[in-house]
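Colleague: Dumping the structure here so I can ask a few things about it.
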Amino acid sequence: MGGARMANPHEKPQAFSRELCDSERRFRLLVEGVTDYAIYMLDQNGYVTNWNAGAERIKGYRADEIIGKHFSVFYTPEERAAGLPERALGLALKEGKYEAEGWRVRKDGSFFWATAVLDSIRDDDGNLVGFAKITRDITERHNTQLELERVQKQLAQAQKMDALGQLTGGVAHDFNNLLMVVSGNMQRLKRLVSDDPKGARAAQAIETAAERGASLTRQLLTFSRRQRVNPQSVSLLERIQSIRDVLTSGIGTHIGLDIDVSPQTFPVIVDVAELEVALVNLVLNARDAMPEGGTIAIRAANTTLDPDDTVAGGEYVALTVTDTGVGIPPDVLEKVFEPFFTTKPSGRGTGLGLSQVHGFAHQAGGTVRIESTLGVGTAVSIYLPRATPPAIASRAENGEARLQAGTVLLVEDNPHVADASADLLEQLGYAVQWVADAESALRAIEADRFDLVLSDIVMPGRLDGLGLARLIRQRHPVLPVLLATAYSDAAHRVPNDFPILRKPYQMHELSQAIAKAARG
Ligand code: ADP
Ligand code: MG
C-alpha cells in the first residue's frame, strides 16, 4: 500500500498532510488534556493564543476568557510594575528559554507558587512564531520547604541559646566564686580600715563594684537558668504596685507610665526578685527606645496559650510592657534575647536585660514573645503559667525557732570561699568549724554538736551538698542545713524544702537564710 501511494505523485502530499493533521490533532488533544501543567502559547507580543485544561485548572480562567489577553495578568501587580513579564519575554527571545519560580496570581486573585518555563518558538526559517509557556503549581511543595526552613531555623536558634546558656552559666559560676572572695574579704578589710577615711572610701568603692558584678552575673545565671530560684505564688498586681516608684524614678519625667493590671489576674509562681529585675529590664529598654518621650504601658491579663515547641498550652498570665518608641528592625529582632547582644553604645548597654527576661520566663515555665514595628513601638510579653494551689507542706512550726549564735559547721571545698564565709559567720556571732567535703562533715557531726550546717552544693567526692543534706535530715532531723551555691545544675534537684543561699552573699542575706533554715 505504501508502495502504491509512493507511486502516485498526487497522492503523496495528500496522505502526508492527513498524517500530519492526525498527529497534530493527537498532539493538541494530549496538550489540551494535560491537567497537571498549564501549557499554553503566546504570540510574539505575549498575548495568549491557546489554553489547555491544566492552565484552566491552575489559573482559573476558561479558554474563552483568557485567549487574546496579555500574559502579564498572571503576574503580581508589583512584578508587573517592575516590568518582569517584558523581561521574561526578552530573555526567552534572546536565550531561547526563560525559567522562573515565584508567586503567580489566579483569576480569583489568590496566589500560587509557580515554576514556569517560557520557550521561544521559531519556524523553519528562524522567524519568531510566539512562545510556549509551561507553568506548574508547586505551592504545597514550596510551603513544606518554607515550614522546614522555619523549623530548622528555630532549632538552630534553640541550640544556640542552649550553648550560650552553658557558656554563660559556666563563666558566671566561676565569677561568682571570685566575687564571694572579693566581697567577703572586703568586709574584713573594711573593719581594718574603718578609722582611715581614704581607706574606707576605697573599700566602699570596691564593694560597690563587687555588688554590681554580682548583679550582672545574676542576670547571666537567670539567662542560663542555672540559678536556683525561690519560686512562690505571687499576685502581679501587688508586685507591680510595690515597685512602681522604682520604675517611675528610672524612666524620668518625659515618659508616662501607665499600669493596668486587673485584680482578676491569676496568681503566678515566680521568684519575686527575678520578676522585679525582669520588669526593670523591660521598662529601662522601653525608656531607652523613647529618647523623645512617650508612654510605657504595663499590662497583665489572663490568657490561654496553645501548646507549641516553646510552651505547654494552658492558662497563662501575659505580662506585657509596651512602648511607643523607635521599634526594632526585623534583622535585629532575632538577636535581642542573646546574651551580650546590644545596639547601645558601650557603657550604656550590657546586652543582658532581655537575656534575663528570657531566662526568667522559661524558668518559670512560661515563655516570652516580642513584637515590634519600626517607628511605632515594641511590646514584650512574658507569659507565666497560672499558679495551681500549692501542694508543698511546709515544715515550719508555729513561732520563731530563731537560731541564736552557736556553732556552724561550714562545708566548702574552696578554701578562699570558706575563709570569706567563715568571716561573715563570725561577724554574725557564730563559732565556725570548717571541713572541705561531705564525708568529713558527717564525721564532724558524729563527733561534735552543731547548731547549723552551711554546705556548698557542688563538691568533689562521693557525696555532694544535697546528698549530705539528705543524710543529715535522716540521721539528725533537728539539725538545720543551709545549702549555698554559685550555681549548679545540681541546685535544680534540690527540693524546695532545703533553703538555698546564692553566692556571692552579703551578711544580711546570710543572716536571713540562717534564720529561714532554722525555722525550716
Ligand atoms: P541592652 O538594653 O543592654 O542593650 P537588652 O538585652 O535589654 O540589652 O536589649 C538588647 C537590645 O534589644 C537593645 O540593645 C535594643 O537594640 C533592643 N531592644 C530591647 N528592647 C527594646 C525596645 N523596647 N525598643 C527598641 N529596642 C529594644
Ligand atoms: Mg536592656
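None of the figures in this text is laboratory data; all of them are computed from the coordinates on show. As the structure is a computational prediction, the values presented were derived from the model and not from experiment. For neighbour counting, all protein chains shown are included, and Cβ atoms are generated from backbone atoms with ideal geometry for every residue, glycine included.
Colleague: Local charge sum around Asp331 (other residues, Cβ-Cβ under 14 Å, Lys/Arg +1, Asp/Glu -1)? Provide the component values of the computation, followed by the final result.
Modeller: Numbers: positive: Lys153, Lys335; negative: Glu334, Glu338.
Taking every Cβ under 14 Å from that of Asp331, the sum is 0.
Colleague: A follow-up question, please. With the alpha-carbon atoms as the only input, what is the per residue convex hull volume for the stretch 220-327 in Å³?
Modeller: In the stretch 220-327, the Cα hull volume divided by residue count equals 123 Å³.
Colleague: Taking only the alpha carbons of the stretch 23-68, what extent do you get along each of the three principal axes, in Å, biggest first?
Modeller: 27, 22, 16 Å, listed from the longest principal axis down.
Colleague: Compute the length gained on full extension between Ser233 and Asp245: take 0.36 nm times their separation in residues and subtract their Cα-Cα distance, giving the result in nm to one decimal.
Modeller: Details: separation 12, 0.36 × 12 = 4.32 nm, distance 2.25 nm.
The Ser233-Asp245 span can extend by a further 2.1 nm.
Colleague: Would you please give the residues with an amide H less than 5 Å from that of Leu501, counting only those at least 5 places away or on a separate chain, with H modeled from the backbone geometry?
Modeller: The answer is Leu483, Ala484, Thr485.
Colleague: Any chance you could give the angle, 0 to 90 degrees and rounded to 10, that helix 353-363 forms with the longest Cα principal axis of the chain?
Modeller: 90
Colleague: Per-residue counts of other Cβ atoms within 10 Å, averaged by peptide: what ranking do you get for 301-309, 416-424, highest first?
Modeller: Details: 301-309: 11.8, 416-424: 21.0.
Order by mean packing, descending: 416-424, 301-309.
Colleague: Now for a different question. Kirkwood Rh and Cα-based Rg: tell me the resulting Rg over Rh for the stretch 268-332, rounded to two decimals.
Modeller: On the way: Rg = 14.3 Å, Rh = 13.8 Å.
Reported Rg/Rh, Kirkwood definition of Rh: 1.03.
Colleague: Find the eigenvalues of the gyration tensor of the Cα atoms of the stretch 158-301, then list the square roots of 5 times those eigenvalues as equivalent ellipsoid semi-axes, largest first, in whole angstrom. All intermediate terms of the calculation are to be shown ahead of the outcome.
Modeller: Numbers: eigenvalues 213, 100, 52 Å².
Working through the eigenvalues yields semi-axes of 33, 22, 16 Å.
Colleague: Another question, if that's okay. Among the aspartates and glutamates, which fall within straight-line cross-link reach of Lys97, defined as a Cα-Cα distance under 16 Å, with same-chain neighbours fewer than 8 residues apart omitted?
Modeller: Qualifying aspartates and glutamates at Cα under 16 Å: Asp43, Glu86, Asp119, Asp123.
Colleague: Something else about it: Is the shape of the stretch 408-520 rounded, prolate or oblate, going by the alpha carbon gyration tensor and its root eigenvalues a ≥ b ≥ c, with a/c under 1.5 for rounded and a/b larger than b/c for prolate? Intermediate values should be presented prior to the final figure.
Modeller: Values: a/c = 1.17, a/b = 1.10, b/c = 1.07.
Taking the square roots of the gyration eigenvalues as a ≥ b ≥ c, the stretch 408-520 is rounded.
Colleague: Sticking with this structure for a sec: In which sequence would Arg136, Arg141 go, from the one with the fewest C-beta neighbours within 10 Å to the one with the most?
Modeller: Numbers: Arg136 18, Arg141 12.
With the fewest neighbours first, Arg136, Arg141 line up as Arg141, Arg136.
Colleague: Continuing with this model, one more query. How large is Rg/Rh for the chain, to two decimals, with Cα atoms and a Kirkwood Rh? Don't skip to the end; give the middle numbers.
Modeller: Numbers: Rg = 36.9 Å, Rh = 29.4 Å.
With Rg and the Kirkwood Rh in hand, the quotient comes to 1.26.
Colleague: For Asp271, which sequence-distant residues (separation of 5 or more, or a different chain) have an amide H within less than 5 Å of its own amide H, given hydrogens modelled in the peptide plane?
Modeller: Answer set, sorted by chain and number: Gln232.
Colleague: Let me ask you something else. Applying 1/(1 + (r/R0)^6) with R0 = 51 Å to the Cβ-Cβ distance of Ala447 and Asp196, what FRET efficiency is obtained, to the nearest 0.05?
Modeller: FRET efficiency, Ala447 to Asp196: 0.75.
Colleague: At most 11 other Cβ atoms within 10 Å and a DSSP loop assignment: could you name the GluC sites (Glu not before Pro) in the stretch 248-313 that fit? Please report the intermediate quantities before stating the final value.
Modeller: On the way: sites: Glu274, Glu276, Glu292; in loops: Glu292.
Answer by residue number: Glu292.
Colleague: Amide H of Leu257 versus every other amide H placed in the peptide plane: which residues, excluding those fewer than 5 positions away on the same chain, fall under 5 Å?
Modeller: Sorted by chain and number, the residues that satisfy this are Ile296.
Colleague: Would you calculate a helix-derived [θ] at 222 nm for the chain, using -39,500 (n - 2.57) for each DSSP H run of n ≥ 4 and dividing by the full residue count, to the nearest 500? Kindly include the intermediate steps, with their values, before the conclusion.
Modeller: Numbers: 18 runs with 238 residues, N = 520.
It comes out at -14500 deg cm²/dmol, rounded to the nearest 500.
Colleague: Using Cα positions and a limit of under 17 Å, work out the lysines in reach of Lys94, with same-chain residues fewer than 8 apart set aside.
Modeller: Leaving aside lysines fewer than 8 places away in the same chain, those within reach of Lys94 are Lys133.
Colleague: Using only the alpha-carbon atoms, how far is helix 465-475 inclined from the longest principal axis of the chain? Give it as 0 to 90 degrees, nearest 10.
Modeller: Approximately 50 degrees, to the nearest ten.
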